[in-house]
Amino acid sequence: MTPDVGPHVATIVALDAGGTSTRARGVRDGRVVHEGVGGPGNPRTVKGDELVASYTEAFAGCPVADLVVACVAGAGTLDMRAVVEDVVSSLQPGACVHVVPDYVAAWRAVSPIADVAVIAGTGSVVCTPDDSGGWDVSGGRGWILGDHGSAARLGQALLGWYAESPSELPEWVRSELRTRYGSSDWHWLVRILHEGSAPASLLSRGAPILTALADQRHPRATEILRTEMALLAAMTSQHVTRLLGAEAPLRVGLVGGVWRAPSAVTAFAEALSSQHPTLRLADDRPRDPLDGAESLAHDLRVTS
C-alpha cells in the first residue's frame, strides 16, 4: 500500500545575482530551507565555467525547486537572460525558471515605502516602473563609464589613492588589503586587477575600506565619498525630473551594500537635498534585494 504523503508543498528559490556575489534563498511553506552564496553572477562580466561555478555554489545543498526567480545584474536583454536561464535550468532541471534584471528585485524591496529605487551595490542604477509595465532605468553603464557611488567606483578610488600615497593611509588599511586581496603591495594589486576576469568585483572589495575611513571622518575619504555620491544624486535628480516632474515630492529607497555605511547614506542624502529639495529618503535603512526577489517569487507562484 502506498503511504499517503499528503499534498505537494512547493519549494521556491529566489536569486539575487550581481557583480560580486550570487545569493540564493529557498523557501517552502513559509520556511527558509536554503541559504547559499556563490561568486559573481552577472553574465556580462563573468563567462562560461566561472559563471556556472557561481550559481552552482549558490545552489549547493538546495532542495529540488519548483520555481526559481533569478534577479540578475546584466540581464537587461533577452540574450543575457537566456544565458542565465540555461545555467539555472541545468542546476534545477525540473523548475520553472524566470530571469529578470536585478533592479526588479530592488524595486520590490523598496516599493512599499518609496517612489524611486537607488541601487548602489557593485554597480549603481536608479529605477522606477513605467506605465506600460516596463522599467525606466538610469545608469548601469559599468564602472568605466559610470556607476558613480557604486562599490566598484569607491574601491577604484581607494586603490588608486593607496597606490599613489600609501603612507597617507592608516596601518589597518594595509591589513585589510592583505585580507581582501592577498597582499598590500600595490604592484600586486595592479597585477590582479589587470589579470582578473571580473575587475568590478575585485574593485568592490576595497569599497568598505573607503567607507570605513569616511565613517571615521578621514578628510580625503570623506571628500571622495561626497564627490561620488553627488554624482549619483545628480543622476537620481535627473531621472526624477525627466520622468516624474521636477516638483513632485517623492521618496527615495536605498538598496545595496554600499548603503550599509552611515557615511555613504549621509553623503547621498545631503547631496540629494541640495540638488532636488522635493526628494527625501524614505528611510535611511537599506533594503535587501534578495527580499524583493523572494517577494516576486511568491507572487509568481500564486499566479502560475
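The values are calculated or read from the model by the stated rules, or taken from the named source; none is laboratory data. Only a predicted model underlies this, so the values are computations on that prediction, with no experimental measurement involved. Reconstructed Cβ throughout: ideal geometry from the backbone, glycine too, with neighbour counts over all protein chains shown. Accessible surface is based on the protein model in full, side chains and every heavy atom, while ligands, DNA and RNA are left aside. Shrake-Rupley method; radii C 1.70, N 1.55, O 1.52, S 1.80 Å.
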Test result for G133, at pLDDT 95 or above and either in contact with a helix residue (DSSP H, G or I) (Cβ under 6 Å, 6 or more places away or on another chain) or not in a helix (DSSP H, G or I) (or both): no
Give the residue that is farthest from the chain's Cα centre (by Cα), with candidates limited to residues of region 186-196 that are open to solvent by 70 Å² or more (accessible area, probe 1.4 Å) and of a type outside the set (F, W, Y). H187
Would you confirm whether or not region 71-88 contains a residue that is closer than 16 Å to L290 by Cβ, part of a strand (DSSP E or B) and touching a helix residue (DSSP H, G or I) at 6+ places or on another chain (Cβ under 8 Å)? yes
Determine whether R180 is under 21 Å from A264 (Cα atoms) and not in a helix (DSSP H, G or I). no
Identify all residues within region 64-100 that are in contact (Cβ under 8 Å) with a residue 12 or more places away in the chain and not hydrophobic (A, V, I, L, M, F, W, C); write none if there are none. D66, G74, G76, R81, E85, S90, Q92, G94, H98
Name the single residue, out of those in region 293-303 being modelled with pLDDT of 85 or more and in contact with a helix residue (DSSP H, G or I) (Cβ under 9 Å, 6 or more places away or on another chain), that is least open to solvent (accessible area, probe 1.4 Å). A293
Can you tell me which condition T128 does not meet? The list is (1) touching a residue at least 12 places away in the same chain (Cβ under 8 Å); (2) farther than 21 Å from P199 by Cβ; (3) in a helix (DSSP H, G or I); (4) of a type outside the set (D, E), and all the others hold. (3)
Return the total of residues in region 139-163 being assigned to a helix (DSSP H, G or I) and at pLDDT below 90. 0
So, in region 267-292, how many residues would count as being open to solvent by 40 Å² or more (accessible area, probe 1.4 Å), over 12 Å from L250 (Cα atoms) and out of contact with any strand residue (DSSP E or B) (no Cβ under 9 Å at 6 or more places or on another chain)? 3
Starting from residues that are aliphatic (A, V, I, L, M) and modelled with pLDDT of 95 or more, keep the ones in region 197-215 and report whichever is surrounded by the fewest Cβ atoms within 10 Å (Cβ to Cβ). A212
Restricting to region 57-105, and then to whatever is small (G, A, S) and closer than 23 Å to D29 by Cβ, can you tell me which residue is nearest to the chain's Cα centre (by Cα)? A105
